[in-house]
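Notes follow once the structure below has been shown.
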Amino acid sequence: MLRYRSTRDARHEVSFAEALLQGLAPDGGLYVPASVPPLPECAWREARTFADLAFVALEPWLEDDVDTESLVALTADAFSFPVPLVPLGGGWDGVHVLELFHGPTLSFKDFGARAMARLMAYFLEARDERLTILVATSGDTGSAVADGFAGQANIDVVLLYPKGQVSPVQERQLIVGRPGVRAFAVDGTFDDCQRMVKAAFVDPDLRGLGLSSANSINIGRLLPQMLYYLWAVRRGGFDEATFCVPSGNLGNLTGGVLAWLGGLPVRGFVAAHNANDFFPRYLAGDDARFAPSVQTLSNAMDVGAPSNFERLASLVAPERLRAHLQGASVSDDETLATMRRVYDETGYVADPHTAVGLAAVRRLREAGRVEAPVVVLSTAHPAKFPDIVERAVGVEPETPARLAALWQRETAVSTLAPTLDALKDALVPA
Ligand SMILES: *Cc1c(COP(=O)(O)O)cnc(C)c1O
């Protein structure tokens, strides 16, 4: 039976369901698989749809925990949107963009959130238990979690975001009415929101709510993030590929590393970061330290202390990590210039996060440090960042129908003072 261990104590092992529902191990470590099951050779290469591939590839991980019929239904329901692999051409020959932004909230976070929500609901129903997911958010995670968990059995969602400090598109995505989801605009900063969430988790008065988190440290978000690496190789018909991953907390990259450890033919990974460059410096062999985050145009990657670093370091020895991964740090100027250049040369409109990846690939190819085929993971739809896109390429990105439709939907949001007491009153009315 596949077990999961803590990164801090290999003797602490639990089942997948425990790791998923606990989130963090009791010793403060993160859960990683005690062993990585090999990919079922052939089968994933022959899968016709993404959902078929998801079932085939997840089965060895979950066969002891989720019955076959449920896993088929769950993967079909979670992965019901297209995942195109787009060759760029025009000076970018051999570079393919894997578009991970066709889910309901237009970022790759939909993969993890949708699968995790359905897996949690599955185990909670079997145990006849309820949970309340409490999230502080300033970006893509909140909307993916709200949408992914909405209407799932036995789960309520509470979102906190800093009032007036998220973009109009982001706010819309957070506050449209969804079954089982409540959104609160906090009169304060993102740090206030996070502080309130942390305090709520340890508050004895709230114990009865079964509070849980859905952030990127949960193993339930990592497993689904392996799948699109397989899909890219399958779609491209590659013998072997290099993957470039626009990174922040390194959860996306950790998904790729799990696929590689399971036997996916990966020539190497490029971890593309913005000015928050801890990991590229670590890979270059520097004595790198975590640092406070700095703000950039690719704000979903503004992470000074990547939470999944502990996981990568626990799964792969440093020498092997450095041999197989290389890093790059890309400035805002280079990000904008790359968006313009790719648009001029190919007509492709990239969002700022994807552009960090494209800039890294260009630089490393010129230095002869990566070979084609290269797959750049595109983590967000350009329509999420209309102002930056217009500034870079001079045209506004097209708005997909599901984003435009948000402005027709009812909204539901209340304002909250930035204190634990205010949050408690909202969660458990006196
Ligand atoms: C979250 C996010 C990232 C960073 O992913 P990690 O798993 O934290 O490394 C990159 N781009 C976008 C658009 C994101 O939302």
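The values are calculated or read from the model by the stated rules, or taken from the named source; none is laboratory data. Predicted model only: the values in this text are computed from it and were never measured. In this analysis, Cβ positions are derived from the backbone assuming ideal geometry, glycine residues included, and neighbour counts consider all displayed protein chains. The protein model used for the area step is the full one, side chains on, heavy atoms only, and it has no ligands, DNA or RNA in it. Shrake-Rupley method; radii C 1.70, N 1.55, O 1.52, S 1.80 Å.
Filtered by the rule that a residue be open to solvent by 10 Å² or more (accessible area, probe 1.4 Å) and under 16 Å from ILE133 (Cα atoms), the range 19-36 gives LEU21, GLN22, LEU24.
Residue selection: GLU69 satisfies the criterion of being surrounded by fewer than 16 Cβ atoms within 10 Å (Cβ to Cβ) and at pLDDT 95 or above.
On the given criteria, is PHE290 among the aromatic types (Phe, Trp, Tyr) and within 17 Å of the chain's Cα centre (by Cα)?
On the way: among the aromatic types (Phe, Trp, Tyr): yes; within 17 Å of the chain's Cα centre (by Cα): no.
No; evaluated as a whole, the condition is false for this residue.
Taken as a whole, the condition of being modelled with pLDDT of 95 or more, in contact with an Asp or Glu (Cβ under 7 Å, 6 or more places away or on another chain) and closer than 29 Å to SER247 by Cβ applies to GLY148.
Name every residue in the range 9-48 that is in contact (Cβ under 8 Å) with a residue 24 or more places away in the chain and part of a loop (DSSP other than H, G, I, E, B), in order of residue number.
Here is the first cut: in the range 9-48, the ones in contact (Cβ under 8 Å) with a residue 24 or more places away in the chain are 10, 15-17, 19-21, 23-24, 29-39, 41, 44-45, 47.
Of everything in the range 9-48, those that are in contact (Cβ under 8 Å) with a residue 24 or more places away in the chain and part of a loop (DSSP other than H, G, I, E, B) turn out to be ALA10, SER15, GLY23, GLY29, ALA34, SER35, VAL36, PRO37, PRO38, LEU39, GLU41, ALA47.
For the range 79-108, the candidate set comprises residues that are open to solvent by 30 Å² or more (accessible area, probe 1.4 Å) and outside any strand (DSSP E or B); within that set, the residue that is nearest to GLU366 (Cα to Cα) is GLY91. Residue under question is LEU416, and the condition is that it be in contact with a strand residue (DSSP E or B) (Cβ under 8 Å, 6 or more places away or on another chain), more than 30 Å from ALA284 (Cβ to Cβ), at pLDDT 95 or above and surrounded by 19 or more Cβ atoms within 10 Å (Cβ to Cβ); does it hold? Here the answer is yes, as LEU416 does meet what is asked. Close contacts from the range 351-367, counting a first residue that is more than 19 Å from LEU325 (Cβ to Cβ) and a second that is within 14 Å of the ligand (Cβ to nearest atom) and of a type in the set (Phe, Trp, Tyr), with Cβ to Cβ under 8 Å and a gap of 6+ residues or different chains, come to ASP351/PHE101; ASP351/PHE385; PRO352/PHE385. The residues listed here are LEU227, LEU159; of these, the one that is within 16 Å of the ligand (Cβ to nearest atom), over 30 Å from ASP333 (Cβ atoms) and assigned to a strand (DSSP E or B) is LEU159. When the range 232-245 is limited to residues that are out of contact with any Pro (no Cβ under 8 Å at 6 or more places or on another chain) and open to solvent by less than 10 Å² (accessible area, probe 1.4 Å), the one that is farthest from the ligand (Cβ to nearest atom) turns out to be ALA232. Scanning the range 390-409 for residues that are surrounded by fewer than 24 Cβ atoms within 10 Å (Cβ to Cβ) and either in contact with a strand residue (DSSP E or B) (Cβ under 7 Å, 6 or more places away or on another chain) or in a helix (DSSP H, G or I) (or both) yields GLU390, ARG391, VAL393, ALA401, ARG402, LEU403, ALA404, ALA405, LEU406, TRP407, GLN408, ARG409.
How about the range 186-214: which of its residues are modelled with pLDDT under 85, under 30 Å from LEU58 (Cα atoms) and surrounded by fewer than 20 Cβ atoms within 10 Å (Cβ to Cβ)? SER213 - this is the single residue of the range 186-214 that is modelled with pLDDT under 85, under 30 Å from LEU58 (Cα atoms) and surrounded by fewer than 20 Cβ atoms within 10 Å (Cβ to Cβ). In the range 252-358, counting only helices (runs of 4 or more DSSP H) that sit wholly within it, the ones holding 1 or more residues that are among the charged types (D, E, K, R), buried (at least 21 other Cβ atoms within 10 Å of the Cβ) and within 16 Å of the ligand (Cβ to nearest atom) span 309-315. Just to be sure before I move on: is ALA183 open to solvent by less than 10 Å² (accessible area, probe 1.4 Å), among the aliphatic types (A, V, I, L, M), touching a residue at least 60 places away in the same chain (Cβ under 8 Å) and assigned to a loop (DSSP other than H, G, I, E, B) in the structure I sent? Spelling it out, it is not the case that ALA183 is open to solvent by less than 10 Å² (accessible area, probe 1.4 Å), among the aliphatic types (A, V, I, L, M), touching a residue at least 60 places away in the same chain (Cβ under 8 Å) and assigned to a loop (DSSP other than H, G, I, E, B).
Quick one: in the range 215-224, of everything that is assigned to a loop (DSSP other than H, G, I, E, B) and either open to solvent by 10 Å² or more (accessible area, probe 1.4 Å) or within 13 Å of the ligand (Cβ to nearest atom) (or both), which residue is farthest from ALA259 (Cα to Cα)? Across the range 215-224, the extreme among qualifying residues is ASN215.
Among residues belonging to the range 367-381 that are at pLDDT 95 or above and more than 16 Å from the ligand (Cβ to nearest atom), point out the one that is most open to solvent (accessible area, probe 1.4 Å). Among residues in the range 367-381 that are at pLDDT 95 or above and more than 16 Å from the ligand (Cβ to nearest atom), the one most open to solvent (accessible area, probe 1.4 Å) is ARG369.
For the range 162-173, residues that are within 15 Å of the ligand (Cβ to nearest atom) and over 20 Å from PRO386 (Cβ atoms) total 0. SER167 satisfies every condition listed in (1) modelled with pLDDT of 90 or more; (2) farther than 17 Å from GLY23 by Cα except (1). Every listed requirement among (1) modelled with pLDDT of 95 or more; (2) within 14 Å of the ligand (Cβ to nearest atom); (3) not aromatic (Phe, Trp, Tyr) is met by ARG391 save one, (2).
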